[in-house]
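Undergrad: My questions all concern the structure below.
The values are calculated or read from the model by the stated rules, or taken from the named source; none is laboratory data. Keep in mind it's a predicted model, so treat the numbers as computed, not measured. We place every Cβ from the backbone using ideal geometry, glycine too, and count neighbours over all the protein chains shown. Just so you know, the surface numbers come from the protein's heavy atoms only, side chains and all, with ligands and any DNA or RNA stripped out. Shrake-Rupley method; radii C 1.70, N 1.55, O 1.52, S 1.80 Å.
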Amino acid sequence: MKYMGSKNRIAKDLLTIILKDRKPNQWYVEPFVGGCNMIDKVDGSRIGADSNKYLISMLKGLQRGIEYPKAIDKSLYDVARDVFRGRETRAEHLLNMSDDVLGWIGFMASYNGRFFDGGYSGNYKKRDYIKESILNIEKQTPLLNDITFKLTNYNELDIPDSSIIYCDPPYEGTKEYSTSKFDSDSFWQWCRDKSREGHSVFVSEYNSPKDLSLIHI
């Protein structure tokens with residue numbers, strides 16, 4: 001799935017490190033599951049969590065086999081964006097959109113997967129980006145079927161004992177960091193606490209506190 005900050009291209013390299021010492025029946029947990037471009041390549045017991053209700057609702061809908069629109073034109077995208085932004089005066093008379101449908105339209109039809117932040121994707125130089133996004137997630141969906149998806153903030157997620165935790169949070173100093181008001185200090189302390197509880201914690205970031213180990217790839 002096309003998703004802002006996706007690790008799809010380097011997922012196999014990362015997972016070689018993260019899963020190296022994984023034990024039988026050990027849970028693999030992603031508190032920032034995003035486009036599922038890491039977790040879809042992991043076998044066994046898996047939890048994918050995220051605080052984006054539209055994303056989690058859509059992923060659960062895909063697991064249930066819901067058929068979402070294969071064609072998303074600009075007018076449908078604009079209505080969905082109005083609903084998402086709370087401008088329902090005109091939109092509410094056209095469509096009653098659930099969270100999963102808003103998620104589908106927003107992630108499939110927004111430029112570069114930026115979920116109503118970056119404009120309508122559409123066609124460019126005879127390339128149908130929306131069709132490509134939909135075909136991509138259709139191929140990915142069978143790999144998501146037995147994942148336990150949870151709608152929650154990372155620090156409220158119930159994690160099974162001795163899990164492997166992989167975090168891909170908003171990066172400090174980036175646009176995503178500033179707009180989401182992500183508390184980096186609290187996050188790193190949470191990572192320390194989870195490690196002390198017996199979990200194996202891995203984080204993708206450009207920088208980290210000096211007391212934590214670094215792995216360069």
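Undergrad: Probe radius 1.4 Å, ligands and nucleic acids ignored: give me the carbon and sulfur share of the accessible area of the chain as a rounded percent.
TA: 47
Undergrad: If you don't mind, there's one more thing I want to ask. Please list VAL101, VAL29 from largest to smallest accessible area, probe radius 1.4 Å, with all protein chains kept in place.
TA: Descending accessible area places them as VAL101, VAL29.
Undergrad: Rounded to whole Hz and in sequence order, give me ³J(HN,Hα) for segment 132-141 from the Karplus expression 6.51 cos²θ - 1.76 cosθ + 1.60, θ = phi - 60°, writing x for Gly and Pro.
TA: Coupling constants for segment 132-141: 4, 4, 5, 4, 4, 6, 5, 5, 7, 3 Hz.
Undergrad: Same structure, new question: State in Å² the accessible area per residue of the chain; use a 1.4 Å probe, count heavy atoms of protein chains only, and round to the nearest integer.
TA: Accessible area per residue: 57 Å².
Undergrad: Sequence-distant or interchain residues sharing an amide H contact under 5 Å with LYS150, placed H: which?
TA: GLY48, ALA49, ASP50
Undergrad: Pairs to check: LYS12/LYS60; LYS7/LYS53; LYS126/LYS181; LYS20/LYS131; LYS41/LYS125. Give those whose C-alpha atoms are more than 30 Å from each other in this structure.
TA: LYS126/LYS181; LYS20/LYS131; LYS41/LYS125
Undergrad: Using just the Cα positions, wrap the chain in a convex hull and report its mean projected area in square nanometres, one decimal place.
TA: With every direction weighted equally, the projected area is 12.9 nm².
Undergrad: If you don't mind, another one. Taking the Cα-to-Cβ direction at THR16 and at ARG127 and moving 7 Å from each Cα, how far apart do the two end points lie in nm?
TA: The modelled label-to-label distance comes out at 2.8 nm.
Undergrad: Karplus couplings for segment 98-114 from phi (6.51 cos²θ - 1.76 cosθ + 1.60, θ = phi - 60°), rounded to Hz, Gly and Pro as x?
TA: My calculation for segment 98-114 gives 7, 4, 5, 5, 4, x, 4, 5, x, 7, 7, 10, 8, 4, 6, x, 8 Hz in order.
Undergrad: Taking N as the number of residues in segment 26-145, what is its alpha-carbon radius of gyration divided by 2.2 N^0.38 Å?
TA: Rg over 2.2 N^0.38 Å, computed on Cα atoms: 1.10.
Undergrad: Hey, what number do you get for the chain at 222 nm if only DSSP H runs of n ≥ 4 count, each worth -39500 (n - 2.57), divided across all residues, to the nearest 500?
TA: -10000 deg cm²/dmol, from helical runs alone.
Undergrad: So, one more: What's the longest uninterrupted piece of the chain once you rule out the GluC sites (Glu not before Pro) that are loop residues per DSSP with at most 15 other Cβ within 10 Å?
TA: It works out to 93-196.
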